[in-house]
Amino acid sequence: MSKNYADIFIEYFVTYIKRDGADELLEWLKGTDFFTAPASTRYHSAHEGGLVEHSVNVFECLLSRWGETENKESLAICGLLHDVCKADFYTVAYRNAKNAAGVWEKVPYYSIDDKMPLGHGEKSLFILERFLRLTISEALAVRWHMGGFDEAVRGGSRAINDAYDNNPLAVKLHIADIEATYLVEER
């Protein structure tokens with residue numbers, strides 16, 4: 001029997017996130033495609049429900065490594081919500097491809113339809129701050145969770161160094177994101 005990641009996500013969310021605005025954030029998420037969207041177009045969890053699956057996996061990686069030493073609410077906010085920028089971000093498009101019999105047919109695939117192009121970490125941070133008051137550590141963790149894959153870093157920004165030097169939670173979220181992506185999830 002496969003896991004119902006939407007139910008697991010909601011259970012973790014209501015168990016660990018008690019901050020003012022949490023109920024409104026969860027209702028907002030339920031009004032988006034967060035629970036059915038892919039986590040990516042082709043890299044990891046590129047399937048229906050992949051985003052919520054990835055979010056649960058990242059939180060579980062955080063919890064298993066640092067659940068005894070870190071604030072569990074912070075781990076839940078960062079792990080479960082670091083990719084809220086991907087809610088209502090993907091669309092299904094179609095392209096021609098040959099099937100097993102060598103016949104061309106239209107097949108669905110996910111493509112990006114970014115209606116709020118703020119940047120990946122920045123957009124997640126913007127959305128979360130509409131509902132929750134984040135700590136500086138949580139904000140930096142969400143902002144820089146992509147590590148070296150972040151567009152600002154690839155463009156030469158060195159701000160990530162200060163974020164990681166002074167905020168262990170930012171490093172921990174990045175490690176958990178990489179662990180979930182490359183070691184837990186099928187690619």
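So the values come out like this:
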read-out	value
Convex hull volume per residue for segment 46-187, taking Cα atoms only, in Å³	126 Å³
Tilt relative to the chain, helix 72-81 - C-alpha long axis, 0 to 90 degrees, to 10	30 degrees
Principal-axis tilt of helix 168-179 within the chain, Cα atoms, nearest 10 degrees	20 degrees
Å³ per residue enclosed by the Cα convex hull of segment 121-187	94 Å³
Inter-label distance, nm, simple model (7 Å from Cα along the C-beta direction), Ile136/Arg65	2.3 nm
Positive-end residue of Asn166, Leu62, Ala37, charge dipole of the chain with Cβ unit charges	Ala37
Burial ordering of Ile127, Ile77, fewest other beta-carbon atoms within 10 Å first	Ile127, Ile77
Which listed pairs, of Lys3/Lys30; Lys18/Lys172; Lys3/Lys123; Lys30/Lys115; Lys30/Lys172, have C-alpha distances above 25 Å, in listed order	Lys3/Lys123; Lys30/Lys172
Segment Lys18-Arg154, extension gain: residue separation times 0.36 nm, minus the distance between their alpha carbons	45.4 nm
Charged-residue dipole, Cβ positions (Lys, Arg, Asp, Glu), the chain about Cα centre, Debye nearest 20	480 debye
Centre separation in Å (Cα based) which lies between segment 136-162 and segment 111-134	14 Å
Candidates per trypsin sites (Lys or Arg not before Pro) in segment 27-83, loop by DSSP, up to 13 other Cβ within 10 Å	Arg42
Amide H partners (placed H, <5 Å) of Ser40, local residues excluded	Ala46, His47
Cα long-axis angle, helix 5-16 against the chain (0 to 90 degrees, to the nearest 10)	10 degrees
Calculated from backbone phi, Karplus (6.51, -1.76, 1.60) coupling profile of segment 97-110 in Hz, x at Gly/Pro	8, 7, 7, 4, 8, x, 9, 5, 8, 7, 10, x, 8, 8
Calculated P(r) tail over 13 Å for segment 1-54, as whole % of Cα pairs	62 percent
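No value in this document is a laboratory result; all are computed from the given coordinates. It should be emphasised that the depicted structure is a prediction, and the values quoted were computed from it without experimental measurement. FYI the Cβ positions are ideal-geometry reconstructions off the backbone, even for glycines, and counts take in every protein chain you see.
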